[in-house]
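Student: Okay, here's the structure, questions in a sec.
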Amino acid sequence: MGLLEELLEHIPLRSLSLINAKLLGDGSLTIEGTKQPRFRFQHSYSDKGWCYFCYESLHSYIPINPPRYKKNIDPRVNAGFSETFYVQSRTTPLLTLLKKSWYAGKKKIIPLQLIEQTLSPESLAWWYQDDGHLVWKNGSPRKIILSTDNFTREENFGLIKILRELFHLEFSLDGQNRLCLYDQPQILYFIFLVQDYIHPSMARKLPPYSQITSPIKSHQKRTTIYLPFQLTKPTKEIREILFKFNPETFIANWYRDLYKSHLTTTTLIYSHQVTLIELEQNKIFMTQSRTGLRMSEIITILFFTKAKKRLSKGQTSFR
């Protein structure tokens, strides 16, 4: 019997996935000599709501005690102390099994196969709320950081592989041995995956969409669009395709189907000077703000989608 099957004899897959997420983040197993391990996690006072939510989500499946307040003397902060809430479990055979996979002696290690078998959008969201950070600058997302600096580089490369294979997200390691995601469409896709599982007390980890600024100047009507093909009447043809364009439908389709099928970069080599009215600009901006795509990428996808529909109807003309 494999490790996953053994663990599932003690706990449902969803709850196991969430415990693994806590162990990737702020959770640990206490290792005291020959004693059986206990599960523990703690959060700052300001994240009390998140701490209680995690407790409420797990206490039916693992014997953990309610959160307890703790005041920690800390001369590094102005007040001279910090305040936290912590949760600790009693012993259970499940934790003994988890200790075998998560620890080598007293050192935490990552059971990559187990993570690959259990990581879901919900547990990804838990990991992100524990150890993740969204960097937002000048009205746009710049990067997502997952603080994995306590793990080895080899373990982090394993996590990068898992995130690529499960979610089509291309993380990389920064100079501090943290997992970072820099590509805007991928950042917003990451947020799409986790947003339904973000607790209200962790709302700071969601994008401030109201602060997104348009790259299109309000007075700017003429702009350059790059496409992988040449148009004979660019303004006319692009405005025709934007006339029927529904941003909300596009955004929904992007996250459901299009994101994965457009991971391969398309070379945009033909430049077209076009004139767009404010309504058309607003449609593009709304789409940009939720997908991270550039204007040229949006227009290219619209043309490809139109061509695909024509081909499905047996028509051979591209336009």
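The values are calculated or read from the model by the stated rules, or taken from the named source; none is laboratory data. All figures in this text were calculated on a predicted structure; none of them were measured in a lab. Here Cβ is always computed from backbone atoms with ideal geometry, including for glycine, and neighbour counts include all displayed protein chains. Just the protein is used for accessible areas: all its heavy atoms, side chains included, with ligands, DNA and RNA removed. Shrake-Rupley method; radii C 1.70, N 1.55, O 1.52, S 1.80 Å.
Student: Could you work out the mean projected area of the convex hull around the alpha carbons of the range 250-290, in square nanometres to one decimal?
Tutor: Spelled out: convex hull of the Cα atoms, projected over all directions, averaged, 3.8 nm².
Student: Nearest 500 deg cm²/dmol is fine: what mean residue ellipticity at 222 nm does the chain get from its DSSP H runs of n ≥ 4 alone, each adding -39,500 (n - 2.57), divided by its residue count?
Tutor: -12500 deg cm²/dmol
Student: Just to be sure I understand the model, the point goes 7 Å from the Cα along the line to the Cβ. What's the resulting Leu173 to Glu248 distance in nm?
Tutor: 4.5 nm
Student: What would the Debye equation give as log₁₀ I(q)/I(0) for the chain at q = 0.06, 0.07, 0.10 Å⁻¹, counting only Cα atoms as equal point scatterers?
Tutor: -0.29, -0.38, -0.70
Student: To continue, here is another question. Take the Cα pairs of the range 1-79, get the Kirkwood Rh, then feed it into Stokes-Einstein at 25 °C and 0.890 mPa s and tell me D in µm²/s.
Tutor: 169 µm²/s
Student: I would also like to ask the following. Keeping to pairs on different chains or 8 or more places apart, tell me how many lysine pairs in the range 152-301 have Cα atoms under 19 Å apart.
Tutor: 9
Student: While we're on this one: Based on the Cβ-Cβ distance from Asn150 to Lys48, what FRET efficiency comes out when R0 is 30 Å, to the nearest 0.05?
Tutor: That gives a FRET efficiency of 0.80.
Student: Quickly work out the Phe229-to-Gln113 label distance, labels modelled 7 Å from Cα along the C-beta direction, and quote it in nm with one decimal.
Tutor: My value for the distance between the label points is 4.8 nm.
Student: Within the accessible area of the range 118-253, what % is carbon and sulfur when the probe is 1.4 Å and the other protein chains stay in place?
Tutor: 50 percent
Student: With a Förster radius of 22 Å, plug the Cβ-Cβ distance of Glu5 and Asp196 into 1/(1 + (r/R0)^6) and report the FRET value to the nearest 0.05.
Tutor: For R0 = 22 Å, the calculated efficiency reads 0.15.
Student: Taking H as built 1.01 Å from N, whose amide H comes closer than 5 Å to the amide H of Lys143, not counting residues under 5 places away?
Tutor: Val135
Student: Hey, what do the phi angles of the range 6-17 turn into as Karplus ³J(HN,Hα) couplings, whole Hz, using 6.51/-1.76/1.60 and θ = phi - 60°, x for Gly and Pro?
Tutor: My calculation for the range 6-17 gives 4, 5, 6, 6, 10, 7, x, 4, 4, 5, 4, 4 Hz in order.
Student: Name all residues of the range 239-257 having a backbone nitrogen under 15 Å from the label point set 7 Å from the Cα of Lys308 along its Cα→Cβ direction, giving them as ranges.
Tutor: 249-257
Student: In whole Å, what is the distance between the alpha-carbon centres of the range 1-30 and the range 99-154?
Tutor: 14 Å
Student: Separate question: Would you work out the charge dipole size for the chain about its Cα centre, treating the Cβ of every Lys and Arg as +1 and the Cβ of every Asp and Glu as -1, and quote it to the nearest 20 debye?
Tutor: 800 debye
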